[in-house]
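The values are calculated or read from the model by the stated rules, or taken from the named source; none is laboratory data. No experiment lies behind these values; they were computed from the predicted model shown. Note that each Cβ is placed from the backbone with ideal geometry, even for glycine, and that neighbours are counted across all protein chains shown. Note: areas computed on protein heavy atoms with side chains; ligands, DNA, RNA excluded. Shrake-Rupley method; radii C 1.70, N 1.55, O 1.52, S 1.80 Å.
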Amino acid sequence: VAHVFVCTNDRKGERKSCADGGSARLKEELKSTLAAKGWKGKVRVSSSGCLGLCETGPNVMIYPQKIWYSAATPEGVAEIVAALERIVAERA
């Protein structure tokens with residue numbers, strides 16, 4: 001139904017990157033929240049390389065719906081999950 005890409009690009013402090021904003025933790029929070037909802041097979045969460053907007057990261061993209069989140073945080077997972085709930089409900 002949907003594939004969530006979380007940029008986990010890490011430039012090791014040379015330049016700003018999504019990893020600087022805790023994107024790995026964000027990805028894990030998303031994965032655990034979605035697993036608790038029983039959405040395996042409906043929503044997939046993957047790491048991605050650079051999505052091209054590191055200065056506004058961490059960046060998250062929901063595909064194929066073309067929903068984009070910048071400056072995403074683990075604390076903001078609820079907003080992303082709410083969008084996914086609407087997507088899953090539409091496909092039910």
Residue list for the range 52-64, filter: under 12 Å from the mean Cα position of the chain (by Cα) and farther than 14 Å from A24 by Cα
M61, I62, Y63
Filtered residues of the range 1-37 (kept if assigned to a loop (DSSP other than H, G, I, E, B) and without any contact (Cβ under 8 Å) to a residue 60 or more places away in the chain):
T8, N9, D10, R11, K12, G13, E14, R15, K16, S17, G22, K37
Taking the criterion of being out of contact with any Phe, Trp or Tyr (no Cβ under 9 Å at 6 or more places or on another chain) and either under 13 Å from V1 (Cα atoms) or touching a residue at least 60 places away in the same chain (Cβ under 8 Å) (or both), would at least one residue in the range 46-64 satisfy it?
yes
Members of the range 21-60 that are touching a Gly at 6+ places or on another chain (Cβ under 6 Å) and among the small types (G, A, S):
G21, G57
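Collect the residues in the range 46-64 that are at pLDDT 95 or above and open to solvent by less than 50 Å² (accessible area, probe 1.4 Å), keeping them in residue-number order.
Once the filter is applied, which keeps residues that are at pLDDT 95 or above and open to solvent by less than 50 Å² (accessible area, probe 1.4 Å), the range 46-64 yields S46, S48, P58, N59, V60, M61, I62.
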Test result for K40, open to solvent by 60 Å² or more (accessible area, probe 1.4 Å) and either polar (S, T, N, Q) or outside any helix (DSSP H, G or I) (or both):
yes
Looking at the range 66-78, I want the residues that are open to solvent by less than 30 Å² (accessible area, probe 1.4 Å) and have a partner that is among the polar types (S, T, N, Q) with Cβ atoms under 7 Å, at least 6 apart or on another chain. Which pairs are those?
A72/N59; V77/T33
